[in-house]
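The values are calculated or read from the model by the stated rules, or taken from the named source; none is laboratory data. Nothing here was measured: the structure is a model prediction, and the numbers come from that model. So basically every Cβ, Gly included, is an ideal-geometry build from the backbone, and we count neighbours across all protein chains shown.
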Amino acid sequence: MLKHRLFCAATGLLLSVALLAGCGGASASKGTGDTIVVGSKDFTESILLGEIAAQLIENRTDLKVERKHSLGGTSVNFNGLKNGDITLYAEYDGTAYGPILGHTEPIADPAKLHEQVKKEFEERFRITWSEPLGMNNTYTLAVPREIAEKYNLKTYSDLLAVDDQLVFGTTNEFMGRQVDGYYPLVETYGFEFKRVATMQTGLRWKAIETGEIQVIDAYATDGKLVEFDMVILEDDKHFFPPYNGAYVVRMDAVEAHPEILDLLNELGGLLPDEKMQQLNYRVDSLEEPVEKVARDFLVEQGLIEP
């Protein structure tokens, strides 16, 4: 099941050390047969993005690539990156801006957010960012296509005309989020849903299928949105902050091997939400191997040879 990119504070330093203790350091000496260690978080999208980067570097350079997929949450990967245990992994600038850098004032403009995060990462951590990949894996609201067509729903504000007829299905996590959760969302838009049903993430899809619920909070790139033919509504008041996906890379590795960042930048803009949904869908719902889905994407984009 696709999990979100939010910072896992509970993971903690001890878990970070435990999981990374066996990882080899990422050397940055040019021309010495260096190993580029690609990490990932423990959910489909992050693993898939890690595999895309790994195959791209393997196919287009002479560098050796070591994979450290499913290391854990944000803290494990970020600490590994700072410590030199991994060279790069896929991150979301919204996660970097809030949970990692500690900012609380939202930046709604995706370009400005990415620029600010990149600047601070380079200055504070000597870690840089690739060009945004194109997806914005933020929270969103989604409804079944038949509901969207029945009520002509295109934006969050459109829900106000029929919200008292619809059940909102969500999770305890979303209900408890203080900045971008259910209650701030309701305060911003004025929703008055017929009922709010909280349940485990996986159970919501069954509830959608049976018609028990009609509106859910979702992640914009979730492959389940494809499987269940859901329509993503437009956040017309820009309530949810942007979460641009991109790669974070150690600057010493880039200085030694600038081709790494050059290659990652070739992925810029090639993975908009809809494309990422499809790739996640192939892995999560169709159960295709991550390696195959990643390779198919790179070949399709002309980035590696068939």
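The table below gives the values:
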{"read-out": "Any hit, segment 80-92, residues being assigned to a helix (DSSP H, G or I), at negative phi and of a type in the set (Ser, Thr, Tyr)", "value": "no"}
{"read-out": "Leu263 vs. criteria part of a helix (DSSP H, G or I), within 21 Å of the chain's Cα centre (by Cα) and surrounded by 21 or more Cβ atoms within 10 Å (Cβ to Cβ)", "value": "no"}
{"read-out": "Residue in segment 35-63 that is modelled with the lowest pLDDT, counting only those that are within 14 Å of Ala294 (Cβ to Cβ) and among the acidic types (Asp, Glu)", "value": "Glu45"}
{"read-out": "Any hit, segment 241-257, residues being hydroxyl-bearing (Ser, Thr, Tyr) and surrounded by 23 or more Cβ atoms within 10 Å (Cβ to Cβ)", "value": "yes"}
{"read-out": "Cross-chain or 6+ apart pairs with Cβ under 7 Å, segment 283-306 first and farther than 13 Å from Gly50 by Cα, then at pLDDT 95 or above and of a type in the set (Asp, Glu)", "value": "Leu303/Glu266"}
{"read-out": "Which numbered condition Glu105 fails, given (1) charged (D, E, K, R); (2) without any contact (Cβ under 8 Å) to a residue 24 or more places away in the chain; (3) under 22 Å from Glu255 (Cα atoms)", "value": "(3)"}
{"read-out": "Check on Ala246, outside any helix (DSSP H, G or I), within 18 Å of the chain's Cα centre (by Cα) and of a type in the set (A, V, I, L, M, F, W, C)", "value": "yes"}
{"read-out": "Residues located in segment 42-63, provided they are of a type in the set (S, T, N, Q) and buried (at least 22 other Cβ atoms within 10 Å of the Cβ)", "value": "Thr44, Ser46"}
{"read-out": "Scan of segment 65-104 for residues that are crowded, with 21+ Cβ neighbours inside 10 Å and basic (Lys, Arg), ordered by number", "value": "Lys68"}
{"read-out": "Filter result for Leu271 (in contact (Cβ under 8 Å) with a residue 24 or more places away in the chain, of a type in the set (A, V, I, L, M) and either assigned by TED's automatic domain parsing to the domain that holds Thr104 or within 26 Å of Gly39 (Cβ to Cβ) (or both))", "value": "yes"}
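Residues checked against (1) of a type outside the set (A, V, I, L, M); (2) more than 16 Å from the chain's Cα centre (by Cα):
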{"residue": "Glu259", "(1), (2)": "yes, yes"}
{"residue": "Leu270", "(1), (2)": "no, no"}
{"residue": "Leu279", "(1), (2)": "no, no"}
{"residue": "Val299", "(1), (2)": "no, yes"}
{"residue": "Leu303", "(1), (2)": "no, yes"}
